[in-house]
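Some notes on the structure that comes next.
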Amino acid sequence: MVKVVIDGTEYETEELDTNAKAQAASIQFLDVHMQQLRNEMSVFETAKRSYQQALKLELEKSSTVNQDT
C-alpha cells in the first residue's frame, strides 16, 4: 500500500484513477531523483572543502618559503 501525501492529506495510490496514478508515479520518481542530487551535492561539497584545505596548506607553504628568502 503506497501512499502519497498532498497538502497534508494521505491518499492510497491503489484508489487513484489511472491519470492520478501516473501523476503520483512522476512525483515519486522526482523525489528519488532529487534525493540522489542532494546526495551528490553533499559529495561535491565535501570534495570542495578538501580542495580548499589543500590549497590553504599550499598557500601557507608558499608564504613561508617567500618569507625565508
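Within the accessible area of the chain, the carbon and sulfur atoms contribute 57%, probe 1.4 Å, all protein chains present.
Between LYS56 and THR9, the distance separating the two model label sites (each 7 Å from Cα on the Cα→Cβ line) works out to 5.2 nm. The angle separating the long axis of helix 18-68 from the principal Cα axis of greatest extent in the chain is about 10 degrees. With the simple model of a label 7 Å out from the Cα in the direction of the Cβ, ASP31 to GLU45 spans 2.2 nm.
Solvent-accessible surface of the chain, taken per residue with a 1.4 Å probe and all protein chains present: 90 Å².
Across the alpha-carbon atoms of the chain, the computed radius of gyration and Dmax are 24.5, 78 angstrom. Accessible area ranking (1.4 Å probe, heavy atoms, ligands and nucleic acids excluded), largest first, for MET41, MET1: MET1, MET41. Estimated from helical segments only, the mean residue ellipticity of the chain at 222 nm is -27500 deg cm²/dmol, where each DSSP H run of four or more residues counts as -39500 (n - 2.57).
For a quick check of understanding: with a 1.4 angstrom probe and all protein chains in place, what accessible area in square angstrom does THR18 have, to the nearest ten? Accessible area, nearest 10 Å²: 120 Å².
The values are calculated or read from the model by the stated rules, or taken from the named source; none is laboratory data. For clarity, every value in this text was computed on a predicted model and none was experimentally measured. Please note: Cβ atoms are built from the backbone with ideal geometry, for glycine as well, and neighbour counts cover all protein chains shown. Heads up: the accessible areas ignore ligands, DNA and RNA and are worked out on the full protein's heavy atoms, side chains in. Shrake-Rupley method; radii C 1.70, N 1.55, O 1.52, S 1.80 Å.
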